[in-house]
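Asks: If you scroll down you'll find the structure; I have some questions about it.
Laboratory data are not the source of any read-out in this text; all were calculated from the coordinates shown. For clarity, every value in this text was computed on a predicted model and none was experimentally measured. All Cβ positions, glycine included, derive from the backbone under ideal geometry; neighbour counts span all protein chains shown.
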Amino acid sequence: MNDFTLALQITALGMGLVFGAIILLWLMMIALVKLTAERKHAANFPQADSAPAEISPAAIAALTVSVALAEQENASAPVLPEPPTALVSAWQLAMRMRQSSEKGNFRRH
């Protein structure tokens, strides 16, 4: 067996292990999704031939009032101004500090 054949076998084994691990993880994710999914029962959903539920006028009025109060509360919330921008951005500061450390401090006293 020459070196080239050995190299191909090692490559095939490595790639097989990588793809095998990927497929194994994929199958494990599918199994976890199926095991942890919430079960939906047909009894919880109304049938197509059943009559629609009647909603009382008091419930409609209560819902309307609650929606109106929520909209009023959202409309009266103060809008905060955006914070002011820095004179020098963090990137500029980092670049200037790097340049000054590379050049050294040449100030004379």
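Asks: Once you put a point 7 Å from the Cα of residue 18 and another 7 Å from the Cα of residue 68, both along the Cβ direction, what distance in nm separates them?
Replies: Modelled inter-label distance: 6.5 nm.
Asks: Calculate the spin-label point distance for residue 100 paired with residue 82, positioning each point 7 Å from the Cα along the beta-carbon direction, and give it in nanometres.
Replies: That separation, rounded to one decimal, is 2.8 nm.
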